[in-house]
């Protein structure tokens, strides 16, 4: 039982006789081994030349179902045994060494394991290799082995993709195309990757990756973002207001439609002192238009709901030559009351409230937190308010009304003008946007969460911005209308992709730049 039998090719019968002579202790045992030898002989012609260690293991397995395993056994021997066991239909031997061979998939051996798994139709192992590649895509990209992967093999990975690892695979595809020096493959593979299932945040991170930015696929992914804007944000409406000395006119447009949805106008009661300098219109998050006008002698302010004609008055001083609000969200709009306070109107509750920006020092002295501020540019739900500083165009001020504290932030060098923003999201706006006064395609972005500034350029924007509409993790940039032959066209861009989303026709006739006021607002269509 402890002997090892070596059977050279072509000598199976002779070995069988020799083995019978040495071990013969009964007819049944001799017959059993003869059957085994005939089995070996019948399959030897399929296997070809076997090395001694390999044949040794095969004989032990056939005779005693014993598989000797040496921890130092080289991969080449294991690989040969796998092929031999497959050819000789020794399933137990194949399964044992296949498990050993594929236990540890590494950057060094994944290609060989992948090849063998496909040869022997080991689907579970193929899936394991795919998962290994997706998990270790960066290491594989640096290993120099990417060019050895065929396009067919790359395509086979797609079946194992999930929205969570899709970004890594696309980056791997781009690196693979560059290293393999092939062209046109990405255009065939990317549409099969189910990019539409990728989350907005994953898509945004993918677009910000430097590898993706330099690839042709960037435009394809940008198109996907634009498509999402037009489908998921199709209910966002843009309101174009034109205020003249006689009336307030507004037009409504939907993102996925170039034509005007509606056109309304409100005639000012000029005879009773209603002037366009003391008149303003704003839109709630659900599309309800409100008109705001000062009471006689600036003794208060009144909100008029356009759809019902209901009036909501607030008695108190209004400090402004022009009744203009520079900031609003889907819930509220703000107007300067005094040099220390603001009026705030809530669209949903249809009520007014007073915001005082005063700090008490030593329980006696009062400090005006906004005495140097020109206007409010953003109000967040956590009690922080952002202001432009009057005499320092290179700074903004952040006031925390809960702690009665304030601090300033210096802008990056340049001539920056704030762009009015309308936040339609459920969470507070995350960015402030400023445009270069002279080069309208340059933008300065302040990230509130990270407390940092950044510069971006949108070469297609040549005429400045009318408004920025913040929603989810993107921002719509509405370019100022350019009137040509009585037609005013507005282009809309996505800040995330820096690509044009859509356009619409706004003002249909020339307007008086000295007396008319044109501005924009936004809402959801309910």
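The values are calculated or read from the model by the stated rules, or taken from the named source; none is laboratory data. Everything numeric here is computed off the predicted structure, so don't read it as measured data. Reconstructed Cβ throughout: ideal geometry from the backbone, glycine too, with neighbour counts over all protein chains shown.
Some notes on this structure:
Per-residue answers, yes or no, for (1) assigned to a strand (DSSP E or B); (2) more than 18 Å from residue 332 (Cβ to Cβ); (3) in contact (Cβ under 8 Å) with a residue 40 or more places away in the chain:
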site: 378; (1), (2), (3): yes, no, yes
site: 387; (1), (2), (3): yes, no, no
site: 433; (1), (2), (3): yes, yes, yes
site: 440; (1), (2), (3): no, yes, no
site: 462; (1), (2), (3): no, yes, no
site: 466; (1), (2), (3): yes, yes, yes
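- One residue from 368, 346, 417 being over 29 Å from residue 283 (Cβ atoms) and not assigned by the TED database to the domain that holds residue 447: 368
- Being assigned by the TED database to the domain that holds residue 199 and closer than 18 Å to residue 220 by Cβ is true of residue 182.
- Filter result (crowded, with 18+ Cβ neighbours inside 10 Å and not in a helix (DSSP H, G or I)) within region 137-171: 149, 161, 165
- Within region 329-352, the residues that satisfy the criterion of being surrounded by fewer than 16 Cβ atoms within 10 Å (Cβ to Cβ) and in a strand (DSSP E or B) are 346, 351.
- Members of region 459-473 that are surrounded by 20 or more Cβ atoms within 10 Å (Cβ to Cβ) and over 15 Å from residue 490 (Cβ atoms): 470, 471
- Residues of region 484-497 classified as part of a strand (DSSP E or B) and either outside the structural domain of residue 444 (by the TED database) or modelled with pLDDT of 70 or more (or both), total: 7
- Boolean, residue 438 is closer than 26 Å to residue 492 by Cα and out of contact with any strand residue (DSSP E or B) (no Cβ under 9 Å at 6 or more places or on another chain): yes
- Taken over region 390-413, the criterion of being under 16 Å from residue 444 (Cβ atoms) and surrounded by fewer than 17 Cβ atoms within 10 Å (Cβ to Cβ) is satisfied by 392, 394, 395, 408, 409, 410, 412, 413.
- Residue match in region 185-199 (condition: in contact with a helix residue (DSSP H, G or I) (Cβ under 9 Å, 6 or more places away or on another chain) and in contact (Cβ under 8 Å) with a residue 60 or more places away in the chain): no
- Residue pairs whose Cβ atoms lie under 9 Å apart, separated by 6 or more positions or on different chains, with the first residue in region 265-286 and under 26 Å from residue 349 (Cα atoms) and the second assigned to a helix (DSSP H, G or I) and at pLDDT 75 or above, are 278/298.
- Test: residue in region 399-416 that is in a strand (DSSP E or B) and either touching a helix residue (DSSP H, G or I) at 6+ places or on another chain (Cβ under 8 Å) or within 25 Å of residue 497 (Cα to Cα) (or both): yes
- Within region 420-444, being surrounded by fewer than 16 Cβ atoms within 10 Å (Cβ to Cβ) and over 23 Å from residue 240 (Cα atoms) holds for 426, 427, 438, 439.
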